[in-house]
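Contents: one structure, followed by commentary.
The values are calculated or read from the model by the stated rules, or taken from the named source; none is laboratory data. What you see is a predicted model, and the numbers here were worked out from it, not measured in a lab. Methodologically, a virtual Cβ is constructed for each residue, glycine included, from the backbone with ideal geometry; neighbour enumeration extends over all protein chains shown. Ligands, DNA and RNA are stripped out before the accessible areas are found, and what is left, the full protein with its side chains, is counted by its heavy atoms. Shrake-Rupley method; radii C 1.70, N 1.55, O 1.52, S 1.80 Å.
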Amino acid sequence: MIFLDAAATTPVRREVLDAMWPYLTGEFGNPSSHHSLGEAAADALARARAAVAGVLGCRPGEVTFTSGGTEADNLAVKGIALARQAADPTLNRVVISSVEHPAVEESARYLERFHGFAVDVIGVDATGLVTPEALAAALRPETALVSVMYANNEVGTVQPIARLASLARSRGIPFHTDAVQAAGWLPLDVKALGVDALSISGHKLGAPKGCGVLYIRGRTRIEPLVHGGGQERGRRSGTENVAGAVGLASALTLASGRQMQVAEHVAALRDAFIDAVLAGVPGAVLTGHPSERLPSVASFCFPGTSGESVLLELERQGIVCSSGSACAAGSDAPSPVLTALGIAAEVAQTAVRFSFDSGVSSQDLDTAALAVRDAVASVRTLGRA
Ligand code: PLP
């Protein structure tokens, strides 16, 4: 099988599993326990936090471990907006982009439904980019928070986060970015990005599912969503997933050590794959930005097919990919992201996304490009029959 669905998830890396193993077995203590097993777990958690902080260029106290990207996004959007509204009830608007992951979009809608917020959605251009001008036009004195994702999970477009964040912060508005897809591929230094909050998920990087991180800048006020024993400095109660935190820290450290080199290499393979698919499939359209895109994502529409049929045909040939975002799988509605890019519903339902792990090979992508050509041709022929 050639797995080209790494934006959905990745296998746990051997080194990551090795780093986690002691905390799943012999060193199984609860970090809150006052005995040697508990202290060993607390030490491991502290080391994991320091390692994540090292990659993000922040202080360990600014790192909160969560149950994944979805929880990190929820905590950032709801937690910051609610804390600001509590301090000043006139702060009752949030700004998000039209291509956010549901973890951000639905958090904003929750604020609208239950806490009297208005949600200002900024559009993107046909390549999926949010322009600083669009953001500037949406900011108001009542804006409590801006959340714009670093890189999109369906089309791979990378946003100019540093420019957008500096714009929001010049008006005193905190800026959150969902870096779940960017982590491992793009620089994550939170000072250089100038963000107040940033979400990461472990399972996109070779750590297990169910662990994530939210960076929250020093003095940013945030209302916890999960109440209880006060772990994670009161920001996220619940006995910590020590092994998950250790795994995430290990995966993030490994990825950041080789990020520049791997990103360049995979981007070159991606470009060759895109060229081969566009040359081999008449009428194929690349979605997203031609250059400002994740090294790991190539996404297309193949008019005259259905994405689902192409997917099935590819799977028959041993190629695994995605017909849209896995998080929206099972839904028949056209992808809101592709709709936001101005792609008509009948074209959007022909979308297929190929996403690569750091170990992807040019041979695999050559094989995949030929399989795509044949799969689209066969779906089109069947459609005409
Ligand atoms: N944000 C983005 C951009 C994603 O792609 C995903 C998962 O696909 C998430 C958030 C959710 O992360 P998790 O699966 O860890 O909850």
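Figures for the structure shown
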read-out: Any pair with Cβ under 8 angstrom, 6 or more apart, that starts in segment 62-85 at a residue that is within 18 Å of Glu142 (Cβ to Cβ) and ends at one that is near the ligand (Cβ under 8 Å from one of its atoms) and part of a helix (DSSP H, G or I); value: Val77/Val104
read-out: Lone qualifier among Glu100, Glu105, Glu62 - being under 15 Å from the mean Cα position of the chain (by Cα) and open to solvent by less than 30 Å² (accessible area, probe 1.4 Å); value: Glu100
read-out: For Leu75: the one exception among (1) more than 26 Å from Arg219 (Cβ to Cβ); (2) part of a helix (DSSP H, G or I); value: (1)
read-out: Failed criterion for Pro22 (all others in (1) open to solvent by 30 Å² or more (accessible area, probe 1.4 Å); (2) in contact (Cβ under 8 Å) with a residue 60 or more places away in the chain hold); value: (2)
read-out: Test: residue in segment 136-146 that is of a type in the set (Gly, Ala, Ser) and open to solvent by 60 Å² or more (accessible area, probe 1.4 Å); value: yes
read-out: Qualifying residue in segment 241-257 (condition: within 12 Å of the ligand (Cβ to nearest atom) and open to solvent by less than 10 Å² (accessible area, probe 1.4 Å)); value: yes
read-out: Test for Leu193: is it within 12 Å of the ligand (Cβ to nearest atom) and not acidic (Asp, Glu); value: no
read-out: Members of segment 201-217 that are in contact with a helix residue (DSSP H, G or I) (Cβ under 7 Å, 6 or more places away or on another chain) and either within 12 Å of the ligand (Cβ to nearest atom) or β-branched (Val, Ile, Thr) (or both); value: Ser201, Gly202, Leu205, Ala207, Pro208, Lys209, Gly210, Cys211, Gly212, Val213, Leu214, Ile216
read-out: Flag for Arg236 being assigned to a loop (DSSP other than H, G, I, E, B) and without any contact (Cβ under 8 Å) to a residue 12 or more places away in the chain; value: no
read-out: Residue satisfying all of: in segment 150-176; within 13 Å of the ligand (Cβ to nearest atom) and farther than 21 Å from Ala255 by Cβ; most open to solvent (accessible area, probe 1.4 Å) among these; value: Glu154
read-out: Some residue of segment 177-199 being closer than 24 Å to Ala298 by Cα, open to solvent by 10 Å² or more (accessible area, probe 1.4 Å), without any contact (Cβ under 8 Å) to a residue 60 or more places away in the chain and outside the structural domain of Asp357 (by TED's automatic domain parsing); value: no
read-out: Test: residue in segment 38-46 that is within 16 Å of the ligand (Cβ to nearest atom) and either in contact with a Phe, Trp or Tyr (Cβ under 7 Å, 6 or more places away or on another chain) or without any contact (Cβ under 8 Å) to a residue 60 or more places away in the chain (or both); value: no
read-out: Members of segment 88-97 that are more than 14 Å from the ligand (Cβ to nearest atom) and either in a loop (DSSP other than H, G, I, E, B) or touching a helix residue (DSSP H, G or I) at 6+ places or on another chain (Cβ under 8 Å) (or both); value: Asp88, Pro89, Thr90, Leu91, Asn92, Val94, Val95
read-out: Residue under evaluation Thr127, criteria (1) open to solvent by less than 20 Å² (accessible area, probe 1.4 Å); (2) within 25 Å of Ser323 (Cβ to Cβ), criterion not met; value: (1)
read-out: Close pairs (8 angstrom Cβ cut-off, 6 or more residues apart or separate chains): assigned to a loop (DSSP other than H, G, I, E, B) in segment 133-153, open to solvent by 10 Å² or more (accessible area, probe 1.4 Å) and of a type in the set (Asp, Glu) anywhere; value: Arg140/Asp120; Val148/Glu100; Met149/Glu100
read-out: Test: residue in segment 110-118 that is surrounded by fewer than 24 Cβ atoms within 10 Å (Cβ to Cβ) and within 16 Å of the ligand (Cβ to nearest atom); value: yes
